[in-house]
Amino acid sequence: MLSCSMSEEIAMNAGEGGKDTYKDVYAAVLVDISAKENLGTKAGSTTGPEADSDYSKMNSEEMAVNECFAFVANGDEIIGSRHYSKSDIISLGNGKYGINEQKHILVKVKKGQEPDLTVFVVGMNSDEGQYFETNIFSKATSLKALKQRVIGGDGVGNPITDFIKVGENTIKPYSQDTENGYQTSDKTKAFECNDGNIKCGKAEIELGLRAAAIELMSFKVVTATGKVVADLITTRDEKDNNGNLKSITTNNGGDISASGVRAIVKDIIMDSRVENSVLHPTDGLLELPENNKVYTTTSFLDEAGSNNDLHPLDYRFYTYQNSNVGESKKTKVTIRYEVEGIPGECSFYIKTGDTNEVLAGHLYQLHVTIKNAVATIQITTKDWLHNKIEQGMQEVKYE
């Protein structure tokens with residue numbers, strides 16, 4: 001568990017106007033956060049866990065919380081907040097974290113009218129250039145406005161590889177919840193959250209990843225006579241010491257080098273990659289209107305560059321949610337390949353179930369078979385809760 005909390009010396013982020021509204025007594029809040037390997041939201045239709053669910057595990061960078069921003073709100077008004085950097089956070093493994101348990105978020109509430117408090121948390125792998133801290137965290141006064149803030153897409157904000165995760169929960173007054181509810185005091189020094197007589201409120205929050213991932217897991221080419229000329233398969237069954245997935249790619253059951261894979265699968269291109277998103281929790285699966293999205297095209301060769309240790313069957317592309325869009329803005333994948341000196345290409349849209357869409361917190365794994373120059377694409381769509389939907393996709397043909 002990541003206990004993201006606030007110390008006694010914390011500044012009250014209610015602003016000067018808060019003194020007239022929130023007076024009389026103080027409340028203290030502790031926040032426990034988990035960023036598990038199975039981040040994500042449940043798909044609408046699933047077949048249940050599968051034997052190879054290790055494929056849907058997250059890499060250490062994807063699930064890392066090295067920066068934590070916690071907000072406490074009374075209704076829409078944010079009345080307290082705290083930023084924890086990497087030096088404050090202790091990784092306990094498997095997406096769990098710890099922090100100084102003596103710290104808490106101190107807020108003002110009105111005696112006799114103690115409200116339910118909303119705790120909203122943003123965790124991320126990194127805050128590049130302190131953009132989130134400077135431009136979003138330090139200026140947040142409205143919870144609704146905070147959830148609608150746009151992340152990414154402007155060239156200077158947080159890139160998608162900061163892996164922003166969001167979650168929220170509610171803390172009730174102690175009179176309504178004697179286990180996790182908050183008590184109040186007219187003294188700021190009265191709170192000993194773990195052992196004291198005046199109880200701190202506690203919120204347990206599971207974070208959901210705002211991004212989605214797309215990867216090619218197998219690629220097979222069969223001639224018209226039935227000859228298998230390429231049968232690339234990537235498998236994973238464990239992680240390395242750094243928490244990253246260990247992958248093995250074979251061709252026709254035998255070993256193949258990264259350069260050997262790249263000689264067959266020349267490139268993977270992703271069109272209509274969404275570079276920006278709202279900050280709303282993923283449970284609602286909300287996204288920006290189409291006209292406000294920043295769309296780009298990326299490819300394996302663009303992203304991998306000169307790193308010859310990488311190959312297209314051991315690479316994840318990332319995009320923000322992209323649904324409810326027009327035909328020209330659907331997320332599309334194109335695979336360029338070459339076997340026995342003959343080049344080829346196939347393109348298809350990414351689906352969740354029967355719908356051409358990409359959802360936040362989901363992993364889309366592609367299995368492609370080319371037979372007699374005709375592509376058959378099977379997609380396994382998983383949220384990071386190890387549920388899956390298997391869906392065939394139709395190749396996009398151009399006249």
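All of the numbers you see were taken from the coordinates with simple rules; none came from a lab. Quick caveat, the model's predicted, so the values are computed rather than measured. Methodologically, a virtual Cβ is constructed for each residue, glycine included, from the backbone with ideal geometry; neighbour enumeration extends over all protein chains shown.
The relative contact order of region 185-334, computed from alpha carbon pairs under 8 Å that lie at least 6 residues apart in sequence, is 27 percent. Extension gain for residue 192-residue 241 works out to 13.9 nm (0.36 nm per residue, less the C-alpha to C-alpha distance). With both labels modelled 7 Å from their Cα along Cα-to-Cβ, the residue 338 to residue 309 distance reads 2.6 nm. For a 29 Å ceiling on Cα separation, which of these pairs sit above it: 266/351; 86/144; 202/351; 246/351? 202/351, as the Cα separations exceed 29 Å there.
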